[in-house]
Amino acid sequence: MTFAPDTVIAETRAWVDRAVIGLNLCPFARAVQVKNQIRYVVSGATDPDALLATLREELHLLAGAAPARVETTLLIHPCVLMSFLDFNDFLSTADAALEELGYARVLQVASFHPQYQFAGTAADDVTNATNRSPYPTLHLLREESIDRAVAVFPEARTIYERNIRTLQALGPQGWAALQAQCRSDAADAKDDD
């Protein structure tokens, strides 16, 4: 299956706007989205080795970019690691790449996937939606940006618990409606281009 990069980005941006920012799942996301400091990259990789090569390139790019220009990167890969278990296994490969490139404690990789499932939860548990994105996505972050954000948001450790409560209140039907709205927003954004 092929995916048009502009569609993938439009759907991911709509998810960031509606779910991540709209539900306040990440209180730090609004500022970087408003300032256009999120780099959205769609990888055409169809196997893990090709994705790893793209990940390495994007880690170098983020490490070398001025934070005012690129604060964080969403590496979206719609054609590889569609199984959450395969995706989850790949995360150790991503962490090994950080170490090998010398970016451990400089950058980190967070994970989002359409089938994301936390350990100890059922697949249909709505709280898994905190990490459910339209496509498999590796989120590349700067450690110093995280440190700065936590310094101004001392309750950062409570974000996870608050997100669980938010999604439980929203419920499965509310999450499904939000996803439908994201798709509609993405279609509208493409029509405006």
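The values are calculated or read from the model by the stated rules, or taken from the named source; none is laboratory data. Predicted model, so just to flag it, every value in this text is computed and none were measured. Because the Cβ atoms are built from the backbone with ideal geometry, glycine has one as well, and the counts that use them run over all protein chains shown.
Within segment 10-39, being without any contact (Cβ under 8 Å) to a residue 24 or more places away in the chain, more than 18 Å from Ala129 (Cα to Cα) and among the β-branched types (Val, Ile, Thr) holds for one residue alone: Val34. Counting only residues that are within 11 Å of the chain's Cα centre (by Cα) and closer than 19 Å to Ala66 by Cα, segment 1-38 holds 2 of them. Against the conditions (1) in a strand (DSSP E or B); (2) surrounded by fewer than 20 Cβ atoms within 10 Å (Cβ to Cβ), Asp95 satisfies every one except (1).
So for segment 177-193 (the condition being assigned to a helix (DSSP H, G or I), over 27 Å from Ser43 (Cα atoms) and modelled with pLDDT of 95 or more), does at least one residue qualify? Among the residues of segment 177-193, at least one is assigned to a helix (DSSP H, G or I), over 27 Å from Ser43 (Cα atoms) and modelled with pLDDT of 95 or more, which makes the answer yes. Against the criterion of being buried (at least 21 other Cβ atoms within 10 Å of the Cβ), more than 13 Å from the chain's Cα centre (by Cα), hydrophobic (A, V, I, L, M, F, W, C) and part of a loop (DSSP other than H, G, I, E, B), Leu81 qualifies. Of all residues in segment 106-138, those that are closer than 14 Å to Val16 by Cα, part of a loop (DSSP other than H, G, I, E, B) and touching a Lys or Arg at 6+ places or on another chain (Cβ under 9 Å) total 3. When Val126 is tested against (1) at pLDDT below 95; (2) farther than 22 Å from Ser92 by Cα; (3) within 19 Å of the chain's Cα centre (by Cα), only condition (1) is not met. Scan segment 115-137 and tell me whether some residue there is buried (at least 17 other Cβ atoms within 10 Å of the Cβ) and under 21 Å from Leu61 (Cα atoms). Yes: segment 115-137 contains one or more residues that are buried (at least 17 other Cβ atoms within 10 Å of the Cβ) and under 21 Å from Leu61 (Cα atoms).
On the stretch given as segment 29-40, residues that are outside any helix (DSSP H, G or I) and out of contact with any strand residue (DSSP E or B) (no Cβ under 9 Å at 6 or more places or on another chain) total 2.
Of all residues in segment 140-161, those satisfying the criterion of being loosely packed, with under 14 Cβ neighbours inside 10 Å and either touching a residue at least 24 places away in the same chain (Cβ under 8 Å) or not polar (S, T, N, Q) (or both) are Glu143, Glu144, Asp147, Arg148, Ala151, Val152, Phe153, Pro154, Glu155, Arg157, Tyr160, Glu161. Of all the residues that make up segment 130-141, how many are of a type outside the set (S, T, N, Q) and touching a helix residue (DSSP H, G or I) at 6+ places or on another chain (Cβ under 7 Å)? Selection size over segment 130-141: 5.
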